[in-house]
1. Of the residues that make up region 72-81, is at least one surrounded by 19 or more Cβ atoms within 10 Å (Cβ to Cβ), more than 27 Å from LEU37 (Cβ to Cβ) and out of contact with any helix residue (DSSP H, G or I) (no Cβ under 6 Å at 6 or more places or on another chain)?
2. Mind listing whichever residues of region 114-144 are of a type outside the set (A, V, I, L, M, F, W, C) and surrounded by fewer than 15 Cβ atoms within 10 Å (Cβ to Cβ)?
3. Regarding ALA150, is this residue open to solvent by 40 Å² or more (accessible area, probe 1.4 Å) and in contact with a helix residue (DSSP H, G or I) (Cβ under 6 Å, 6 or more places away or on another chain)?
4. Would you call ILE46 in a helix (DSSP H, G or I), out of contact with any Gly (no Cβ under 8 Å at 6 or more places or on another chain), open to solvent by 50 Å² or more (accessible area, probe 1.4 Å) and at pLDDT 95 or above?
5. Do we have SER193 as of a type in the set (S, T, N, Q) and within 18 Å of the chain's Cα centre (by Cα) here?
6. If we keep just the residues of region 22-43 that are in contact (Cβ under 8 Å) with a residue 40 or more places away in the chain and of a type in the set (Lys, Arg), which is surrounded by the most Cβ atoms within 10 Å (Cβ to Cβ)?
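The values are calculated or read from the model by the stated rules, or taken from the named source; none is laboratory data. The structure presented is a predicted model; accordingly, all values stated were derived computationally and were not measured. Glycine also receives a Cβ, built like all others from the backbone with ideal geometry; neighbour counts cover every protein chain displayed. Calculation scope for accessible area: heavy atoms of the full protein, side chains included, ligands and nucleic acids excluded. Shrake-Rupley method; radii C 1.70, N 1.55, O 1.52, S 1.80 Å.
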Amino acid sequence: MSPILLIIIAATSIISYLAFSNHALFEKYKFNVRSILRDKEYVRLISAGFLHGDMVHLLFNMMTLYFFGPIVIQVFGAFGFLLIYFCSILFGNLFSLYLYKNQAWYSAIGASGGVSGILFASIAMLPDLTLYLFFVIPITGYVFGLLYFAYSVYMMLNPHENDNIGHAAHLGGAFFGLLYAVALQPERAIQNSIYLLIMALPLIYMAYMVFVKKKIG
């Protein structure tokens, strides 16, 4: 395993574990609209990526990072991996901030934006890669991407009262990872253009609903 990947997983796991029992730490560094916009605590845009709601949330994100991080490192190098990971966290949280800027109470935590960026950068390069849904059910990469985007867009545009998942951050992070991969590997992106277009259809619909129709979840 790459030392960079190991450090990210270890740091996130340790900080998340400490925050499980340290409410003050958790509250100080989670993503919160009021704290970012009113108090200008911009560190929360990144620090929220080192916090998780519970052990299952943490393990799922870190296992996904463990499996797909090496693909990104092999294609884009360690620096590219770090750039995708942290920029995806940032981009995902900025997208959330844009959507929920009038909802001061809105809060979120998790590395899911960064993990989504890594996952979709991998899929962009290897769209026919076989993934295992719930670590059991085989599914082709671009089909998973289509379903992932479709579900996240639907849930973001049609929020449920008991749904505590930051779908906007997932979408923002995944979009950045996809965009980065396409920009740096245009020849491979052209080869995979049909798969990428199919996968991106829910994003096109989301952009229309959010930026044209002004429907914000």
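1. yes
2. Residues satisfying the conditions are ASP128, THR130, TYR132, PRO138.
3. Working: open to solvent by 40 Å² or more (accessible area, probe 1.4 Å): yes; in contact with a helix residue (DSSP H, G or I) (Cβ under 6 Å, 6 or more places away or on another chain): yes.
So ALA150 passes the test.
4. Working: in a helix (DSSP H, G or I): yes; out of contact with any Gly (no Cβ under 8 Å at 6 or more places or on another chain): yes; open to solvent by 50 Å² or more (accessible area, probe 1.4 Å): yes; at pLDDT 95 or above: yes.
Yes: the conditions hold for ILE46.
5. No; evaluated as a whole, the condition is false for this residue.
6. LYS30
Conditions (1) closer than 21 Å to ILE118 by Cα; (2) among the β-branched types (Val, Ile, Thr); (3) open to solvent by less than 20 Å² (accessible area, probe 1.4 Å); (4) part of a helix (DSSP H, G or I), marked per residue:
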{"site": "TYR154", "(1), (2), (3), (4)": "no, no, no, yes"}
{"site": "LEU171", "(1), (2), (3), (4)": "yes, no, yes, yes"}
{"site": "ALA174", "(1), (2), (3), (4)": "yes, no, yes, yes"}
{"site": "TYR195", "(1), (2), (3), (4)": "yes, no, no, yes"}
{"site": "ALA207", "(1), (2), (3), (4)": "no, no, no, yes"}
